[in-house]
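Derivation of every value follows stated rules applied to the coordinates shown; laboratory data play no part. Source: prediction; values computed, not measured. Neighbour counts run over all protein chains shown; Cβ positions are idealised from the backbone, glycine included.
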Amino acid sequence: MGIFSRMVRLCKADLHGVMDQLEDKGLLLKQHLREMEESLKQREGQREQMARTDRRIRRDLAQRDQEAQKLAQELDLALCKDKDEIARMLIRKRRVLQGGSEQLRRQLDILTEEKNRIGEILERQRLQHDELKIRIAAFCREAEARQYEERSPPREGASAWQAPSDEEIELELLQRKDALRQGGAP
């Protein structure tokens, strides 16, 4: 490996390091959350479009079923009156109608499967979104706490709050017991 290629690699690595430090992790996480919300909205829109298509197909099937019943009644009437030509025409119409209905039912089955699949994906993504939202909120709170600690002036004798020692707790306990024995408030 030549010196020039090594220098290029070092410059790229250094540039990536500088960019990493410039990027605010909290802002990046919030942007990712917004993109995830947009993706959820798109999937919900897709699911709603499928629901509209589902309703339209079901309406068409109901109309075809009514028409098939009407044709069956007309066919029975034509057969009773020995009108074979009319009966043939009605049978032909009924078969075409049945073929279209079967095709619509297959479309409805495929649509239902796809709708269920998208619903499962959407549910998983919602859970991931909620989990990510909680994690981002926790990350931002921790980052704000770190920034506050960095900005606040150091306290006398300690750089940050420290838990009291066992000796301090024992001393306060003895003082309070003594104050209670003497009849005063602790």
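Overview of values
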{"read-out": "FRET efficiency, GLU38 to ASP65 (Cβ-Cβ, R0 35 Å, nearest 0.05)", "value": "0.30"}
{"read-out": "Pairs of Cα atoms farther than 23 Å apart, the stretch 59-186, %", "value": "72 percent"}
{"read-out": "Reachable lysines, given that their alpha-carbon falls under 27 Å from the alpha-carbon of LYS133 and they are not under 8 places away in the same chain", "value": "LYS25, LYS30, LYS41, LYS115"}
